[in-house]
Amino acid sequence: MSDQPSISSAAGAPPIVFDDVSMAFGARRVFDHLSFRVPAGLIAVILGGSGSGKSTALRLIGGLVQPVSGRVLVDGEDVARLGERQLTRVRAKLGMLFQGGALLDAMTVFENVAFPLREHARLSAAEIATRVRESLAAVGLPDAEALLPGQLSGGMVKRAALARAIVMRPTILLCDEPFSGLDPISACRIEALLGGINARFGMTIVVVSHDIASTMRMAARVLILLPDGAVEGAPADLQRSGDARVAGFLQPDVEAALRQEAAAVAAAPVEAAAGPW
Amino acid sequence: MVTAIRALGGATVDAVAELGRFAAFAASLARSIVTPPPRVGRLVDEVFKLGVLSLLIICLCGAAVGAVLGLQGYNTLVRFGAADSLGAVVGLSLIRELAPVLTALLTTGRAGSATTAEIGTMAVTEQLDGLRMMSVDPLHYIVAPKALAMLLVMPLLSALFTVFGIFGGYLVGVRLMGLDPGRYMSSLQDAVDFRDDILGSLLKALVFGLLVGLISTYRGMTTAPTSAGVAAATTSTVVTASVSILLVDYVITALWGV
């Protein structure tokens, strides 16, 4: 475990490297001097509080936003310095599961999953249908081909989006809050799916999550984004960590936090009622 | 005083910057329209959504405006003993001015606002980012077909508005007021010049189609990522496009007499 993360890879060059990356949106700082590496073929989870920059880290990997400074390397290429055409080449290695699924709502599930194949793969209609059905079966959604995204439950949307994210056989899968908004059983299914995809296809998976329990079960490496820096390590090491910030994040004292919030609310000045109410 | 001048300066700088962004967007859009592969299927879908689904409202409004013009025109012309010129008055009013302008305003309200809302919602729900991550340019796949469809359908809808307007004027003038149908049609035929009036009218509609297409897609792509942002962008499309149509209409009429 280290304060300046450097996840070492046993299986060659790490496919994702953050090298001294600082990020801000206008005047709002997101994180400063963030460095970490995600080794190939493992599941890495990025944890952190709201607004800590977890989703932004994924968007940096996909080249959807640009860092203020530093390098974001995907398979050795700095995505922040690539043009659109070169980004297309890098994005072919990436699949992304967005928080809300981001399915195209005018298309059926089948058409959504087939979409990247139709755009980029030179396959016949029959081959595309086979690949789509394989992906849908892999995520346990074989009977939803004809449904529109609006007709799906939250868990089904995530699974359909996951099927679309893996249909091109990317080497890296990015998942933004895959468990958010799901009931515990659906969340467990998605967790199992990600583990299965990692095992079956050998994909490197980067998950952004709030869910500490699932993170500790599925992650090989964990990066915690804290207000004053980042901490990285294996789940077991982090759980045994003597770092008060890590312990405070992984085992928060909820009752103390509630007492603190209640005291803050009680201490807040109450304006005199101005109207009839 | 200094504060007021500073605010005025800030607003001017913001407006110029916004115009610059709009021009850059228009240039990117033009480039993506000519970038292969051509999105013919998407274009046909958009022509259907923006054009075919607007037919009813355009035909109804065209007939209603023509009927009102017929009534007002007849009541005025009959005072000067010129009721036989009703066909020319209705036809020229529609062809030169009312059809392209009202079609553009109606299309802005029905299709322009829908275009902004659709693109804005796609931005809010990360569908545009989803396309980018699949190496598909949203400008090429989503925006360009919508803008091009708006450009193509506007002259056609305007022509249809004119036809139904002339028909509405005919119904009032001939069937209601008892004008001779031959005189109505011959005065129309004598007054309307194909190049100056009809081509000019189609040119106006084409320019308005370009304006509505650009403004509605630009507002969609620059929507703030919230539901309130989508609502504000939609309203902004209707207001900006409507005002632009009326201002550009004046400029075209003043410069080229169309």
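Things to note:
- Output for segment A:84-95, where each listed residue is part of a strand (DSSP E or B) and hydrophobic (A, V, I, L, M, F, W, C): A:Leu94
- Which listed residue, of A:Gly101, A:Gly95, is closer than 27 Å to A:Gly41 by Cα, modelled with pLDDT of 90 or more and in contact with a strand residue (DSSP E or B) (Cβ under 9 Å, 6 or more places away or on another chain): A:Gly95
- Selection within segment A:148-189 - under 21 Å from A:Ala213 (Cβ atoms) and polar (S, T, N, Q): A:Ser180, A:Ser186
- For segment A:103-111, the condition holds for no residue, the condition being that it is under 17 Å from A:Leu173 (Cβ atoms), more than 8 Å from chain B (Cβ to nearest Cβ) and not hydroxyl-bearing (Ser, Thr, Tyr).
- Residue tally, condition in a loop (DSSP other than H, G, I, E, B), hydrophobic (A, V, I, L, M, F, W, C) and under 25 Å from the mean Cα position of the chain (by Cα), over segment B:151-197: 1
- Filtered by the rule that a residue be buried (at least 24 other Cβ atoms within 10 Å of the Cβ) and either among the hydrophobic types (A, V, I, L, M, F, W, C) or at the interface with chain A (Cβ under 8 Å from one of its Cβ atoms) (or both), segment B:109-121 gives B:Ala111, B:Ile119.
- Scope segment A:32-54; condition outside any loop (DSSP other than H, G, I, E, B) and either modelled with pLDDT under 90 or surrounded by fewer than 21 Cβ atoms within 10 Å (Cβ to Cβ) (or both); matching residues: A:Asp32, A:His33, A:Ser35, A:Gly48
- Filtered by the rule that a residue be more than 9 Å from every other protein chain (Cβ to nearest Cβ), surrounded by 16 or more Cβ atoms within 10 Å (Cβ to Cβ) and not charged (D, E, K, R), segment A:66-89 gives A:Pro67, A:Gly70, A:Val72, A:Leu73, A:Val74, A:Val79, A:Ala80, A:Leu82.
- Filter result (assigned to a strand (DSSP E or B) and within 20 Å of A:Pro170 (Cβ to Cβ)) within segment A:55-83: A:Val72, A:Leu73, A:Val74, A:Glu77, A:Asp78
- Taken as a whole, the structure places B:Ser85 among residues that are under 30 Å from B:Asp180 (Cα atoms), part of a helix (DSSP H, G or I) and touching a Ser or Thr at 6+ places or on another chain (Cβ under 8 Å).
- Each residue in segment A:148-169 was checked for being away from chain B (no Cβ under 13 Å) and surrounded by fewer than 16 Cβ atoms within 10 Å (Cβ to Cβ), and 4 of them qualify.
- Restricting attention to segment B:167-217, the residues being under 30 Å from B:Ser113 (Cβ atoms), in contact with a helix residue (DSSP H, G or I) (Cβ under 9 Å, 6 or more places away or on another chain) and of a type outside the set (Phe, Trp, Tyr) number 20.
The values are calculated or read from the model by the stated rules, or taken from the named source; none is laboratory data. All of these numbers come straight from a predicted model, not from anything done at the bench. With ideal geometry, Cβ positions are generated from the backbone for all residues, glycine too; neighbour counts draw on all protein chains shown.
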